[in-house]
């Protein structure tokens with residue numbers, strides 16, 4: 001364990017070297033403290049990584065630094081000058097630029113047009129702008145063709161355009177929000193080469209991530225954020241991925257590890273040769289086959305975007321064009337509607353609870369009904385049973401420790417963790433036999449995370465088949481009885497969580513290691 | 001305040017704020033044009049006479065049905081601009097059927113009403129099917145269908161019409177007396193009667209409320225309107241919902257012209273009133289898609305129309321000024337609703353945070369998964 005004190009922004013750095021200094025930054029939202037006493041020093045010409053779990057407060061902090069949201073407390077210094085940033089335009093004028101995880105490019109425009117769009121006043125839109133772009137791409141080694149249409153470009157190239165946009169606007173401090181989440185491994189290497197060139201030219205980079213091996217490979221300094229506050233700043237040479245992970249989750253936290261095996265011989269979910277093609281004929285899922293037994297948790301590991309979402313939606317019946325068979329408890333689900341599949345005993349915790357799990361502007365009791373419109377206690381004789389639904393909402397609030405004043409509160413008023421606990425409670429109602437949990441603890445606080453882990457363990461004890469999809473390898477290793485690795489829409493390896501290490505899983509997920 | 005009361009107050013504040021803003025803007029227009037603001041408002045805002053009152057109620061009945069038809073679409077996030085075409089096609093078909101009098105007495109009336117509902121539903125269903133199968137925006141297709149409806153009805157009317165001696169009017173056959181819906185007297189003389197159809201309109205309002213708020217189907221419809229993605233994940237068939245919602249909306253639109261056909265003109269003619277469908281959009285917005293709110297909206301619009309009639313004679317101002325008022329109401333109601341909605345969500349979040357902060361002691365940093373202690 002690395003020495004860990006409350007705030008350890010290197011105090012010995014000479015002031016001239018510090019590009020960004022954050023002191024005591026705090027930000028509250030209704031019901032949550034997103035940031036509390038954040039202290040960070042970013043040295044000029046370095047890559048400073050910011051790591052933390054989903055929901056730890058990284059994104060809020062970066063929005064504060066980029067002027068999207070004002071902090072409630074604390075100070076920001078840029079190049080030794082205290083600044084207050086009220087808008088992204090403010091931030092840009094102070095030399096702070098941000099590359100978002102989701103690209104903001106106009107597909108039908110060229111690279112040149114995208115770069116100058118909104119910054120026409122710097123160098124116009126003609127030859128001067130082109131010269132500037134060429135100069136920038138040369139001096140920073142960012143390889144782009146100014147006249148190429150963005151829609152013809154791959155993800156890695158688009159990201160370079162985003163970086164170029166930021167540099168064109170005069171940024172000396174570049175924030176990258178989870179830049180590798182959308183990249184395949186060789187694109188990640190290219191990105192890192194670009195970042196090293198930028199750093200050599202004196203640009204300071206703030207690199208947000210929760211992929212520890214990447215952070216260790218590229219960063220000069222690493223600051224760990226946990227529960228909205230900075231817990232430590234370390235040098236990558238001094239720590240291992242394991243130690244960083246411990247810093248991220250905190251050593252006192254419960255581990256997700258399960259108890260003794262409850263796996264039976266009784267196959268509940270059986271999937272055979274499942275496939276799905278994209279609109280342009282590319283296979284999104286291919287030859288997927290697995291079984292989940294009563295009392296078994298099957299974990300699916302994989303880099304995001306390798307078919308996990310499609311797999312879940314295929315089982316739920318939310319996608320068209322699926323081929324292969326899906327059998328649950330002896331019944332063939334393959335040609336059933338989503339509603340009939342739910343009625344056959346499938347509980348579903350979606351990865352994106354705001355898009356797929358909740359009606360945000362409806363009260364909790366209506367959200368209790370959602371997905372269970374067809375059965376008690378939500379409905380009776382084709383009518384919605386409001387008293388029944390409200391009463392059962394109270395039960396969920398009680399049993400699943402959902403922090404809310406009552407069943408009439410709008411779902412949007414709850415914090416992420418409480419929304420998720422509510423969804424878990426709802427999906428565990430009506431006695432499901434299969435629980436699909438897609439990133440069940442993403443973006444929730446650690447308390448809710450532990451509670452959700454407990455609920456998944458309980459589901460397993462009670463004899464459910466659980467399909468667990470997660471990006472958190474410790475969660476997968478801790479909760480699963482078997483782990484399958486998914487890569488480019490195919491299952492590429494089966495692992496025993498009792499024996500596998502995160503490193504082994506990680507290399508299987510990127511296709512680097514030999515499948516077991 | 002309890003959350004229920006807060007929500008009610010916030011909900012009611014929308015039309016009030018919108019009306020105040022609309023009256024202010026109309027007054028501004030009058031001042032700029034140099035018209036007598038005070039005289040205009042004192043004419044419009046006097047209590048109507050019995051005769052005017054019955055006109056107001058009659059028009060409100062028609063507008064109410066139109067508002068309901070639009071509101072059903074709104075609840076599903078569908079913008080049925082085509083009520084205008086749907087009710088004219090439906091009213092024409094109903095008038096032809098009722099005029100033919102294949103069935104005796106009130107059976108003929110019932111048949112005419114069912115035909116109107118079916119024709120309105122089919123006309124709207126075209127837009128629903130296009131949206132569900134081909135992704136065609138219902139806004140575009142219903143506007144197109146309005147234009148087609150105008151042409152189609154004009155063409156068919158020429159075929160179906162009976163020409164009266166010494167008149168240029170084109171009308172369908174007159175509905176026999178035994179199949180007409182009797183009017184109800186609210187005062188002395190024939191000018192103070194209101195449509196008996198008002199009871200059917202009220203029943204439609206109740207049906208709308210019951211369907212949306214009490215039935216599973218209504219829940220599915222509202223859920224799809226709130227979040228199509230969450231609805232699909234919950235097992236709702238979105239395409240089916242689009243088609244069914246458009247069918248119901250069109251069916252309700254089919255009723256719009258019937259009070260006039262069955263209670264006043266007794267035929268469909270070339271002078272049949274158009275534009276009721278567009279007023280319905282404004283009224284549904286103003287009434288917040290609530291059956292009682294829509295009734296208030298319909299009464300207000302009918303009231304403004306009726307009271308502005310004598311403006312030209314009495315104060316020398318064109319009655320079209322209330323069209324400005326009505327138009328501004330639509331804009332202000334949309335704006336204020338969005339403002340009040342955002343305010344309401346923020347208020348709720350703050351209230352929840354407050355309640356939770358009051359009832360729990362903040363956990364020490366780094367504490368485990370144990371529940372927070374609750375103060376007794």
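Choose one answer from B:329, B:81, B:236: the residue with the largest mean-square fluctuation in a GNM of chain B with alpha-carbon springs under 10 Å. In this elastic network of chain B, the residue with the biggest mean-square fluctuation among B:329, B:81, B:236 is B:236. Globularity index of chain B is 1.16 (Cα radius of gyration / 2.2 N^0.38 Å, N = number of residues). With the simple spin-label model, which puts each label point 7 Å out from Cα in the Cβ direction, the residue B:41 to residue B:177 separation comes to 5.0 nm.
So how tilted is helix B:138-160 from the main axis of chain B? Cα-based, degrees 0 to 90, rounded to 10. Approximately 10 degrees, to the nearest ten. Placing R0 at 51 angstrom, the Cβ-Cβ distance between residue B:20 and residue A:266 gives a FRET efficiency of 0.15 after rounding to 0.05. Over the stretch B:11-62, the pair-distance histogram of Cα-Cα distances with 10 Å bins from zero comes to 21, 32, 41, 6 percent, rounded to whole numbers. Only DSSP H runs of four or more residues enter the estimate; each adds -39500 (n - 2.57), and after division by the residues of chain A the mean residue ellipticity at 222 nm equals -9000 deg cm²/dmol. Output the relative contact order of the stretch B:36-316, whole-number percent, from Cα pairs under 8 angstrom with separation of 6+ residues. Relative contact order comes out at 39 percent.
Note on residue A:86 and residue B:338: their simple-model spin labels are 2.3 nm apart, each label 7 Å out from Cα toward Cβ.
Relative contact order of the stretch A:352-430, taken over Cα pairs closer than 8 Å and 6 or more residues apart, is 32 percent.
Computing FRET efficiency as 1/(1 + (r/R0)^6) for residue A:213 and residue A:343, where r is the C-beta to C-beta distance and R0 is 56 Å, gives about 0.85. Checking the a/c ratio against 1.5 first, then a/b against b/c, what shape does the Cα gyration tensor give for the stretch B:299-356? Prolate. Using a cutoff of 8 angstrom between alpha carbon atoms and counting only pairs six or more residues apart, the relative contact order for the stretch A:17-249 works out to 29 percent.
Considering only B:334, B:136, B:96, the mean-square fluctuation computed in a Gaussian network model of chain B, springs between alpha carbons under 10 angstrom, is largest for B:136. Averaging 1/r over each pair of different alpha-carbon atoms in chain A and inverting the result gives 24.7 Å, the Kirkwood hydrodynamic radius.
For the protein assembly as shown, the spread of Cα positions along the three principal axes, ordered from largest to smallest, is 102, 71, 63 Å. With 5 Å bins beginning at zero, the pair-distance distribution over Cα atoms of the stretch A:352-430 amounts to 3, 19, 31, 27, 15, 4, 1 %. Treating the angle as unsigned and between 0 and 90°, give the value, to the nearest 10°, between the Cα long axis of helix A:127-140 and the longest Cα principal axis of chain A. The answer is roughly 80 degrees.
Modelled spin-label separation between residue B:273 and residue A:352, with each label point placed 7 Å from Cα along the Cα-to-Cβ direction: 4.6 nm. Each part reduced to its alpha carbon centroid, the stretch B:11-88 and the stretch B:241-313 end up 11 Å apart. Among B:352, B:328, B:256, the largest mean-square fluctuation in a Gaussian network model of chain B (Cα springs under 10 Å) belongs to B:352.
The numbers here are math on the coordinates, done by the rules we state, and not lab data. All values derive from a computational prediction rather than experimental measurement. All Cβ positions, glycine included, derive from the backbone under ideal geometry; neighbour counts span all protein chains shown.
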